[in-house]
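The values are calculated or read from the model by the stated rules, or taken from the named source; none is laboratory data. Everything quoted here is computed from the prediction, not taken from an experiment. We place every Cβ from the backbone using ideal geometry, glycine too, and count neighbours over all the protein chains shown.
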Amino acid sequence: MVSKVEKPKLIREDGLRHDGRRPDELRSIKMQVGVLKNANGSALVEYGRTRVLAAVYGPREPQPKHISLPYRAILRCRYHMAPFSTHERKSPAPTRREIELSKVIREALEPIVISEMFPRASIDIFIEVLNADGGTRTTSITAASLALADAGIPMRDLVAGVAVGKVDGVIVIDIDEVEDMYGEADMPVAAAPSLGKITLLQLNGVLTPSEFKEALDLAMKGIQEIYKIQKEVLKTKYLEVKVEE
Amino acid sequence: MSITPSSDYIIPKLKAETIISLIKKGVRASGRGLEDFRELEVVTNYIPNADGSAFVKLGNTQVVVGVKLELGTPYPDTPNEGAIVVSAEFVPTASPLFEPGPPDENAIELARVIDRSLREIKAIDLSKLVLIPGKRVWVVWIDIYVLDHDGNLIDASSIATLAALLTAKVPKAEVEGEEIKVSKGEYTGPLPVNRKVVTVTIGKIYDIMLIDPDIEEETVLDTKLVIAVSDDGRIAGLQKSGMGALSKDEVMRMTELAMKKGKELIEKIEKSIKVAVPEVGAEEVAEEEKAIEIAEEESENVEKDVGVSEKHRENNK
């Protein structure tokens, strides 16, 4: 965590944000798939300085076997922050925050995985936050969704996530750690754009109903942009496969 | 690690189909309307040893919240504020599915959702809970105890939390240099509560929204959205909970409905507290009521508002 001294100015005189972005501007987003040799699918996603690795194993035999379901595959999901990912070293033991986030991320992915195709199996999603600079859960969902696709798991759509927020009274997209810490509201959203479905929605902070609508609209716009990049990255990978053959 | 639940509450398929077909017709198996809460019972000062407490029975869901104030050190980034800690226990008395042991992801989620609903809106005035700035402050421990599970644990817990906070008192403490003497059983005044916040959980099945789902309804829902509503009509927190998804339009409808129901719920809780503890600020209550009477006489707008809310109440019957 950044040491909390004085609240910095989050919106500058010229209307831009503390890092020079416009309120509706995403950070620089980078994505790679197939970055791990052993996992069935993997992805590395960066939103600015936030960097997240996701790996998918499965469908495979669940461990232990009795947790399986007869009519569908179960999803197992772990969101975890590496000890070096934060300013002060984070103990690798799971925190209450990580336990909650593992749950909401799993619930954000459940609606898009066609789990009925693999009864009694387990699809395991392991997310490692390598460097945290705000928006780690939404970056994680974008990465996990890519890793699932990379593993060849049948899906109804991809999910992309982004956190919107309110800082110094302005609704902004893709908030970073400073904006999260000193801002008035942080609202992570994830959606499956082609299905038109929101699969994760949280709000930490206070918004009026009209601010909420503005924030949700802004999030959906950003998700569309991220979704485009996701599809591009997956397509590029298969183009490369073709060339190799 | 979070795993797709394999031991959820199970109801017969026939029953599930009946519940769904009834909901489609706009009624519920219990006879409630889609936008009705179950019967609510609030008992404050339920735990004599706590500094504030409430027992809440929402239908057959039973929750106790105990609030205790203890001396502690402030967080380094907020040296001039007290602290709040929210924990939830799903006690094994509450359900055959609850096992003894550390809180699971559902209990942790519940506690964190309630915590967030209070924190950013500054529901408790933490600046008034400082004894020695930077060194000694009151820590408000909010412990949520789920005793019996018949669905909608989050709202029942939120109601109990609000009722417990509104009746909590700050223990008497004397500061002598670096030493603090706490007098047991003596209080300096009520816990400073700035804002009243309550969560409203709305379940969704097909395109139908329903308030306060019971445990059987929860098994058939696509998903739920928990909306924290403040007494000044703002959204103080959100959490989509459950495996399904929501369209943007559905989210907007849900938040709109929650704002309306949340306001009613806060009023209901306030009323039940006034009945339960008439000795706490009885004069202020009388004055407030007088003030309302005067306002009603003076302003037509207020009369209109009252008319609208009565209409809502009738609709909900």
(request) Answer with yes or no whether A:Arg97 is facing another protein chain (nearest Cβ under 8 Å), part of a helix (DSSP H, G or I) and surrounded by fewer than 19 Cβ atoms within 10 Å (Cβ to Cβ). (result) yes
(request) Identify all residues within the stretch B:233-269 that are charged (D, E, K, R) and over 16 Å from the mean Cα position of the chain (by Cα); write none if there are none. (result) B:Lys240, B:Lys248, B:Asp249, B:Glu250, B:Arg253, B:Glu256
(message) Tell me which strands (runs of 3 or more DSSP E) are completely within the stretch B:1-113 and hold 2 or more residues being on the phi < 0 side of the Ramachandran plot and over 19 Å from the mean Cα position of the chain (by Cα), or say none if there are none.
(response) B:61-72
(request) Just give me the residues in the stretch B:205-250 being among the acidic types (Asp, Glu) and not in a loop (DSSP other than H, G, I, E, B), in sequence order. (result) B:Glu216, B:Glu217, B:Glu218, B:Asp249, B:Glu250
(message) Checking A:Glu240 against (1) loosely packed, with under 15 Cβ neighbours inside 10 Å; (2) at the interface with another protein chain (Cβ under 10 Å from one of its Cβ atoms); (3) not hydroxyl-bearing (Ser, Thr, Tyr), only one condition comes out false. Which one?
(response) (2)
(message) For the stretch B:237-272, give me each residue that is facing chain A (nearest Cβ under 7 Å) and touching a helix residue (DSSP H, G or I) at 6+ places or on another chain (Cβ under 6 Å).
(response) B:Gly237, B:Gln239, B:Met243
(request) Check A:Val189, A:Val113, A:Val164, A:Val129 and return the single one that is in contact (Cβ under 8 Å) with a residue 12 or more places away in the chain, farther than 23 Å from A:Leu16 by Cα and within 13 Å of chain B (Cβ to nearest Cβ). (result) A:Val113
(message) Just to be sure before I move on: is A:Gly34 crowded, with 20+ Cβ neighbours inside 10 Å and touching a residue at least 60 places away in the same chain (Cβ under 8 Å) in the structure I sent?
(response) no
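On the given criteria, is A:Gln230 modelled with pLDDT of 95 or more and surrounded by fewer than 16 Cβ atoms within 10 Å (Cβ to Cβ)?
On the way: modelled with pLDDT of 95 or more: yes; surrounded by fewer than 16 Cβ atoms within 10 Å (Cβ to Cβ): no.
The answer is no for A:Gln230.
Having 1 or more residues that are within 30 Å of B:Asp212 (Cβ to Cβ) and in contact with a helix residue (DSSP H, G or I) (Cβ under 9 Å, 6 or more places away or on another chain) is the bar; report the strands (runs of 3 or more DSSP E) wholly within the stretch B:132-202 that clear it.
Numbers: elements: B:136-148, B:169-176, B:179-190.
In the stretch B:132-202, the matching strands (runs of 3 or more DSSP E) lie at B:136-148, B:179-190.
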(request) Considering only the stretch A:43-85, state which residues are in contact with a helix residue (DSSP H, G or I) (Cβ under 6 Å, 6 or more places away or on another chain) and among the polar types (S, T, N, Q). (result) A:Thr50
